[in-house]
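For reference, the structure is listed below as structure tokens.
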Amino acid sequence: MAVQHESPYLVHVFVCTNDRGGARKSCADDNSLPVKEALKRAVDEKGWKGQVRVSASGCMGLCATGPNVMIYPQKVLFSGVSPDDVQSIVSAVERFVADG
């Protein structure tokens with residue numbers, strides 16, 4: 001039986017890495033994997049390990065506007081993300097970490 005717990009993370013960042021192999025647009029078509037890796041590096045550099053988690057996700061149902069990055073529990077969605085947008089996402093996460 002499943003046991004319910006509170007998330008151990010203050011902020012959980014999900015990066016869609018869904019890849020449809022060219023059959024239809026997907027987030028992986030536009031560099032979502034490098035975005036995820038850059039976000040993971042930023043979390044390490046900021047010393048947020050244990051507070052902030054960056055995870056790959058499957059399809060969020062929003063591939064037409066992807067790549068997509070969703071932040072929970074703050075309910076923030078970034079769409080059309082490129083590696084150039086990582087700093088903006090890190091800045092948002094930084095505000096959430098500061099707010100506790």
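Read the figures in this text as sums done on the coordinates, not as results from a lab. No experiment lies behind these values; they were computed from the predicted model shown.
Numbers below:
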| read-out | value |
| --- | --- |
| Whole-angstrom Cα spans of segment 18-62 along principal axes, big to small | 39, 16, 13 |
| Convex hull volume per residue for the chain, taking Cα atoms only, in Å³ | 109 |
| Integer Hz, Karplus 6.51/-1.76/1.60 couplings in order for segment 23-30, x for Gly and Pro | 5, 8, 4, 8, 4, 5, 4, 10 |
| Long-range HN-HN contacts of S55 with modeled amide H, under 5 Å | V13, F14, V15 |
| Relative contact order (%) - segment 24-99, alpha-carbon pairs under 8 angstrom, separation at least six | 36 |
| Note, ³J(HN,Hα) from phi for segment 40-53, Karplus 6.51, -1.76, 1.60, rounded to Hz, x at Gly and Pro | 4, 4, 4, 4, 4, 5, 7, x, 8, 3, x, 9, 10, 10 |
| Mean separation of Cα contacts under 8 Å, 6 or more apart, over the residue count of segment 1-65: relative contact order % | 46 |
| Amide H contacts of V76 (H built 1.01 Å from N, under 5 Å, at least 5 apart or other chain) | I71 |
| ³J(HN,Hα) computed for each position of segment 62-75 - Karplus, 6.51 cos²θ - 1.76 cosθ + 1.60, integer Hz, glycine/proline x | 10, 4, 4, 10, x, x, 10, 10, 10, 10, 10, x, 6, 6 |
